[in-house]
Each structure stands twice: as structure tokens, then as C-alpha cells.
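Structure first, commentary second.
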Amino acid sequence: MRNAIRSELLRAVSGPSVLPVYLVALLMPLFVLFSDGSRFDLAGVDSHTATSRLLEPLAWSVISAAFVGAYAVTREYYYSSMERTLTGVGFRRAFSGKLIAGALIAIALSVCIFVTWTLGIFLVLAENGLTLALSLQSWQLYAGAMAGAVLGALIGGAVGWITRNYYATAIIVLVLPMVVEFALLRTAPEVARFSPGLAIAAVGVPGFQDRLLAFAPALGVGLAWTAGLVAVAWFTGRRRVE
């Protein structure tokens with residue numbers, strides 16, 4: 001198992017297509033930030049409130065993590081190398097190794113995103129005569145976003161195993177959250193809050209705009225989505241290789 005994980009981690013930093021994947025992942029919080037221009041209206045806002053407001057998009061790192069976690073699986077189907085991998089290490093090790101490696105990669109990528117994002121916030125706040133003020137709420141957001149990234153990576157990997165297709169998976173883990181879930185958040189928040197992307201995002205920003213779930217329900221729904229999709233991926237994958 002350790003060798004399988006190490007192999008996946010090595011693949012995560014090799015190949016010409018790796019950098020674009022990580023750049024796309026970095027763009028997800030930016031999409032959330034610019035989709036609501038009101039976050040830049042900092043007039044009359046204190047440093048703590050402004051900092052928390054600008055940190056909120058990090059909760060949607062779950063989308064980035066899902067895309068990165070899925071790529072560990074869909075890349076092999078895209079290049080038709082999955083059969084060789086399954087023959088070499090077996091389904092159980094390949095399945096577990098890719099999910100675990102995807103989660104580890106998502107953690108490392110999230111740390112990079114958090115640091116870069118925080119530096120960017122520092123500059124934006126300075127331009128508005130404010131300072132970076134990391135409160136307890138800010139650290140809770142970081143922790144919730146990191147937990148969400150782990151769940152997102154597992155969901156992305158599971159979807160990749162289920163679809164076995166790069167483009168179908170990209171649509172599910174990128175387009176659906178960014179288009180469908182965001183649209184539902186505006187029109188039917190009572191439904192949207194139980195979707196996988198928004199439920200896991202709420203782990204970082206509980207009760208966001210009075211539309212998302214509180215922390216405990218959000219974590220429960222997020223874990224349920226993750227466990228359910230991983231289970232479906234496992235059983236469908238085993239059936240295909242038997």
C-alpha cells in the first residue's frame with residue numbers, strides 16, 4: 001500500500017498536464033470571490049470583518065480538491081494506462097492508494113492556496129487602509145476548508161472511479177458545483193444546502209448568508225456523501241475487474 005501511495009504522489013508532480021490542473025484548482029476560490037463583488041466593498045468595515053469576508057471563498061476549495069483528487073484516477077483512463085496499473089498492483093491497492101494520495105495532494109495544494117490567498121488578502125486590505133486580522137473565526141475557516149478539501153478529494157476520486165472518464169468527471173466535479181449548485185443557492189437554498197459541494201463548503205463557513213447548513217449538520221451530510229460515493233465507487237470498480 002505504501003508503495004502505491006508513493007507512486008501516486010510521484011505522478012502528482014510529474015507530467016506536462018499537472019501544472020494546468022493545479023492552476024485550474026487555484027482558480028476555484030477566485031471564481032467565488034469575483035462572483036460576489038460585494039466582498040470588495042470594505043468601506044466602514046473593521047479589519048476583523050474584512051479579513052473574514054475575504055477568507056470565505058477558501059471554503060470552496062472543496063471544488064479544487066475534488067478536481068485534483070479525480071485527476072489521479074481519470075488521468076489513467078484518459079491515457080489508457082489503468083489496466084496496466086490494476087494488473088501490477090491490484091484493484092484494492094490501486095483504489096485505496098489513489099484516494100489516499102489524492103487526499104494528501106489536496107492537503108498540500110490547499111496549504112499553498114491558503115498561503116497565497118492570505119498574502120493576496122494582506123495586499124487588498126493594505127490598499128484599503130486595513131490590516132490582516134486573523135481571529136478565531138478565521139482559523140476555524142482555515143480548518144474547516146482543509147477538512148472540506150480532504151472530503152472533496154475523496155469524492156472526486158470516487159467519481160473518477162465511477163465514471164472512468166476524464167471529461168464526464170470534470171463536468172460533475174467542476175461544472176455542477178459552479179453552475180447548478182450556485183444557481184440553486186440563489187433560488188432554492190433549502191435544497192442546495194444538502195448538495196455535496198455546498199454541504200462541505202459549509203464546514204468552513206457554517207450558516208453562510210443564512211443559506212448553508214450549520215457546522216454539525218454540514219459535516220454529517222458531507223461525510224454521508226463521501227462515504228456513499230466511495231462505497232459506490234468501490235463496489236462498481238470491483239465488479240468491473242472481476
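The values are calculated or read from the model by the stated rules, or taken from the named source; none is laboratory data. Worth saying up front: this structure is predicted, and the values here are computed from it rather than measured. Note that we place each Cβ from the backbone using ideal geometry, even for glycine, and neighbour counts take in every protein chain shown. In case anyone asks, the SASA skips ligands and DNA or RNA and just uses the protein heavy atoms, side chains included. Shrake-Rupley method; radii C 1.70, N 1.55, O 1.52, S 1.80 Å.
A few remarks follow.
- Extreme residue, positive dipole direction of region 161-242, given options Ala233, Leu198, Leu185 (C-beta unit charges): Ala233
- Cα gyration tensor shape for region 58-103, rounded if a/c is under 1.5, else prolate or oblate: oblate
- Backbone HN-Hα couplings from phi across region 131-146 [Karplus 6.51/-1.76/1.60, Hz, Gly and Pro as x]: 10, 6, 10, 7, 9, 4, 4, 5, 5, 5, 5, 4, 5, x, 5, 5
- For the pair Arg6 and Ala183, the difference between a 0.36 nm per residue extended length and the Cα-Cα distance amounts to 59.8 nm.
- On region 189-242, 67 percent of the accessible area sits on carbon and sulfur atoms, based on a 1.4 Å probe.
- You can think of it this way: the chain between Glu190 and Ala216 has 7.7 nm of extra reach, that is 0.36 nm per residue less the Cα-Cα gap.
- For region 48-71, the residues whose backbone nitrogen is under 18 Å from a point 7 Å from the Cα of Ser135, taken along Cα to Cβ, are 48-59.
- For the chain, the solvent-accessible area of protein heavy atoms averages 47 Å² per residue (probe radius 1.4 Å; ligands and nucleic acids excluded).
- Here each label is just a point 7 Å from Cα along the line to Cβ, and for Asp41 and Ala224 those points are 3.6 nm apart.
- Surface share of carbon and sulfur [accessible, 1.4 angstrom probe, percent] for region 30-140: 63
- Remark: region 90-101, residue by residue, has Karplus-estimated 3J(HN,Hα) of x, 5, 4, 5, 5, 4, 5, x, 5, 5, 5, 4 Hz, where x stands for each Gly or Pro and the curve is 6.51 cos²θ - 1.76 cosθ + 1.60 at θ = phi - 60°.
- Structural descriptor for the chain: relative contact order 25 percent, calculated from alpha carbon pairs under 8 angstrom and at least 6 residues apart.
- Entry note, region 76-212: relative contact order of 26 percent, from Cα contacts under 8 Å with a spacing of 6+ residues.
- 3J(HN,Hα) along region 108-113: 4, 5, 5, 4, 4, 5 Hz, from the Karplus curve 6.51 cos²θ - 1.76 cosθ + 1.60 with θ = phi - 60°, whole Hz, x for Gly and Pro.
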